[in-house]
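Notes follow once the structure below has been shown.
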Amino acid sequence: MYNFEFKQPKTISEALNALKSDEAEALAGGQTLIPTMKQRLASPATLVSLSKISEMRGICKNDDGSISIGGGTTHADVAANSNIFPGLVTLAENIGDPAVRNRGTIGGSLANNDPAACYPAAALSAGATIVTDSREISADDFFQGMFETALEESEIILSVRFPVPSLSSYQKFVQPASRFAMVGVFLSKFENETRVAITGASEEGVFRWKEAERALNEDFSEGSITDFVLEPSGMIGDIHASKEYRAHLVKVMTKRAVKSAS
Amino acid sequence: MSNVTMTVNGKTVSGSVEGRTLLVEFIRNDLHLTGTHVGCDTSQCGACAVHVDGKLAKACTMFALEANGSEVSTIEGQANEDGSLNVIQQAFKDHHGLQCGFCTPGMVMAAADLLKTNSKPTELEIREHLEGNICRCTGYHNIVKAILAASGQDVSNIAAE
Ligand SMILES: Cc1cc2nc3c(=O)[nH]c(=O)nc-3n(C[C@H](O)[C@H](O)[C@H](O)COP(=O)(O)OP(=O)(O)OC[C@H]3O[C@@H](n4cnc5c(N)ncnc54)[C@H](O)[C@@H]3O)c2cc1C
Ligand code: FES
Ligand code: FES
């Protein structure tokens, strides 16, 4: 990989300053960025490590019942926290492997918006708010297609605020070589609406399956989506699974999510 | 170049590294602790697994400077004080948990990480904890068996494979 200048600020304001320099990039857990730099797909001149910024880590419950997760909080810390709701615990404890979970962060995962990543599905399904150094962005506006987000250059995710659903479930069909989702379905049931977000399947990245949401709003049961047929066009087709197979999996995994929601 | 200082297997070490120097490069090339292996260099295989501040990490997916001030343990720090194999290492030997041995340092570090928080893991828990460790030789069966044995569980009914 190309060399770079390494900076390790201790506060958010120092980090924002460091990120202003030319071709600077944030480094969180490095579980995506370091492999990308080795392949020379990224070659920042300055790498600003966020891992020593304690104000970006941790989980707390807000007065309105929602939970805030610091952008630098690792997957392992999310999985182990008692304030986290069931679907999100399942999601965090099944990302990659233990070593990846010890370093990878929620902020890094959302900023990267890999089309097969897990966290984007949770944020979109639960209707989370992405809190950055300059604004708050609703998950519905945040994800803008494969590896694309609403983040401006050098804008960083400080925390993510999740409303807590009364029932939730994450169902991941693992792509066995990469451990990412071949198809992942996150379901969140709130008092007056159910939201279903799908990852791993679409060429547009994470998306809400609104047809299923409407049906589940009327009748929250597996049966209400049994007859749906999802269009394979627009789905990802690759050596791991065809478009048709992914479309089929979306339905199967959504039914499982309904059945297992807790 | 920047200076880096950390504790490795209980000893304070320092060196001068580039930003891009990986932790595994520092461990192998600067400290000459070559027990930590590089299998894939793409974060997949776990041959480079070490503990950083008590947590399992892939040393090929971390910069040396990120471990500045940290406590690192590698396979070289696992043996008992008198130099004899520790209980996990001995169990790998007794139960044929290795063939070529290339994955073994990472396997032992992952096993030690598991047993720290789960002293009697089930077979499934062991397999899940080894998700990030790839072995091309053994088929994993005897690795799992060795870890069960290392945790003091009876493996006499598990067939040797
Ligand atoms: C073997 C393996 C298996 C994996 N399996 C899965 C899986 O099953 N599911 C899954 O979802 N992911 C998986 N991942 C990816 C993992 O979750 C990464 O940790 C995550 O995608 C990126 O987080 P990070 O903290 O490592 O970010 P980094 O790699 O450090 O950064 C990624 C990108 O995000 C930017 N960034 C980081 N933090 C912030 C921030 N706070 N604000 C703004 N931008 C930021 C960086 O500049 C960079 O562009 C896997 C990774 C590996 C190596
Ligand atoms: S060499 Fe680090 S994971 Fe393979
Ligand atoms: S013993 Fe050869 S790779 Fe595991």
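The values are calculated or read from the model by the stated rules, or taken from the named source; none is laboratory data. In this text, all values refer to a predicted model and were calculated from it rather than measured experimentally. All Cβ positions, even for glycine, are placed from backbone atoms using ideal geometry, and neighbour counts span all protein chains on display. Keep in mind that these areas ignore ligands, DNA and RNA; they rest on the heavy atoms of the full protein, side chains included. Shrake-Rupley method; radii C 1.70, N 1.55, O 1.52, S 1.80 Å.
Would you please give the FRET efficiency between A:E153 and B:K120, computed as 1/(1 + (r/R0)^6) with r the Cβ-Cβ distance and R0 = 45 Å, to the nearest 0.05? Please list the in-between numbers first.
Numbers: r = 50 Å, r/R0 = 1.11.
So the FRET efficiency works out to roughly 0.35.
Check cross-link reach from A:K210 to the lysines: straight Cα distance under 18 Å, and skip same-chain residues fewer than eight apart.
Once the sequence-local lysines are set aside, what remains near A:K210 is A:K189, A:K251, A:K255.
Roughly what would the spin-label model give for A:R40 and B:K11, points 7 Å off Cα along C-beta, in nm?
About 3.7 nm separates the two model spin labels.
Explain nothing, just the number: dipole magnitude of segment B:51-121 about its Cα centre with +1 on each Lys and Arg Cβ and -1 on each Asp and Glu Cβ, in debye rounded to the nearest 20.
Dipole of segment B:51-121, to the nearest 20 debye: 300 debye.
Run the 1.4 Å probe and let me know the accessible area of A:T105, rounded to the nearest 10 Å².
Answer for A:T105: close to 10 Å² accessible.
Taking loop as defined by DSSP and a crowding limit of 13 other beta carbons within 10 Å, which GluC sites (Glu not before Pro) in segment B:109-150 fit?
Nothing satisfies the criteria.
From the cross-link list B:K11/B:K58; A:K38/A:K61; A:K10/A:K61, which pairs have alpha carbons spaced over 27 Å apart?
A:K38/A:K61
So for A:F180, A:F85, what's the accessible-area order with a 1.4 Å probe, most first?
Order by accessible area, largest first: A:F180, A:F85.
Where does helix B:141-150 land angle-wise versus the long Cα axis of chain B, in degrees 0 to 90, nearest 10?
With rounding to tens, the tilt is 90 degrees.
In debye, nearest 20: dipole of segment B:87-150 around its Cα centre with unit charges on the Cβ of K, R (+) and D, E (-)?
160 debye
In square nanometres, what is one fourth of the surface area of the convex hull spanned by the alpha carbons of segment A:1-55?
Working: hull surface 13.7 nm².
Result: 3.4 nm².
Using the charge dipole of chain B (Lys, Arg: +1 at Cβ; Asp, Glu: -1 at Cβ; taken about the Cα centre), state which of B:Q90, B:M6, B:A79 has its Cα farthest towards the positive end.
Going by the charge dipole, the pick is B:Q90.
Name the residue, out of A:V89, A:V100, A:V229, whose mean-square fluctuation peaks in a Gaussian network model built on chain A with Cα pairs under 10 Å.
Between A:V89, A:V100, A:V229, it is A:V229 that shows the largest mean-square fluctuation.
Taking the convex hull of the Cα atoms, report for segment A:1-93 its projected area averaged over all directions, in nm².
Directional mean of the projected Cα hull area for segment A:1-93 stands at 7.1 nm².
Dividing the convex hull volume of the Cα atoms of segment B:63-161 by its residue count, what figure in Å³ per residue is obtained?
Cα-based convex hull of segment B:63-161, divided per residue, equals 121 Å³.
Report, largest value first, the span of the C-alpha coordinates of segment A:167-261 along each principal axis, in whole Å.
Projected onto the principal axes, the Cα atoms of segment A:167-261 cover 39, 24, 21 Å.
Are there any residues in segment A:96-125 with a reduction of at least 40 Å² in accessible surface when going from the isolated chain to the assembly of protein chains? Probe 1.4 Å, please list them by number.
A:D97, A:P98, A:A99, A:N102, A:R103
Let me know the charge dipole size of the protein assembly as shown about its Cα centre in debye, to the nearest 20, where only the beta-carbon of Lys, Arg (+1) and Asp, Glu (-1) is charged.
Values: 36 positive and 51 negative charges, 148 e Å.
The calculated dipole for the protein assembly as shown is roughly 700 debye.
Scan segment A:78-186 for trypsin sites (Lys or Arg not before Pro) in coil per DSSP, keeping those whose Cβ has at most 12 other Cβ atoms within 10 Å, and list them by number.
A:R135
Please find, in a Gaussian network model of chain B (springs between Cα atoms separated by less than 10 Å), the residue of B:N80, B:N142, B:N68 whose mean-square fluctuation is greatest.
Greatest mean-square fluctuation among the candidates belongs to B:N80.
With a 1.4 Å probe and all protein chains kept in place, how do B:H32, B:H141 rank by accessible area, largest first? Please report the intermediate quantities before stating the final value.
Numbers: B:H32 135, B:H141 50 Å².
Listed by decreasing accessible area, they come as B:H32, B:H141.
Within segment A:125-160, name every residue whose backbone N is under 12 Å away from a label modeled 7 Å from Cα of A:N83 along the Cβ vector.
Backbone N within reach: A:160.
Roughly how large is the B-A contact in terms of buried accessible area, totalled over both chains, probe 1.4 Å, nearest 100 Å²?
2000 Å²
Test of understanding: express the Cα radius of gyration of segment B:2-76 as a ratio to 2.2 N^0.38 Å, with N the residue count.
Segment B:2-76 yields a ratio of 0.95.
Just need log10 I(q)/I(0) for chain A at q = 0.10, 0.12 Å⁻¹, Debye formula, equal scatterers on the alpha-carbon atoms, no solvent, rounded to two decimals.
Taking Cα atoms of chain A as identical point scatterers yields -0.48, -0.69.
Could you report segment A:1-103's accessible area per residue, 1.4 Å probe, as an integer in Å²?
Details: 4530 Å² over 103 residues.
The answer is 44 Å² per residue.
Please list B:C137, B:C103 in order of solvent-accessible area, largest first, computed with a 1.4 Å probe with all protein chains present.
In descending accessible area the options line up as B:C137, B:C103.
From zero outward in steps of 10 Å, how is the percent of C-alpha pairs of segment A:94-138 spread across the bins?
Cα pair-distance distribution for segment A:94-138, in percent: 24, 54, 20, 2.
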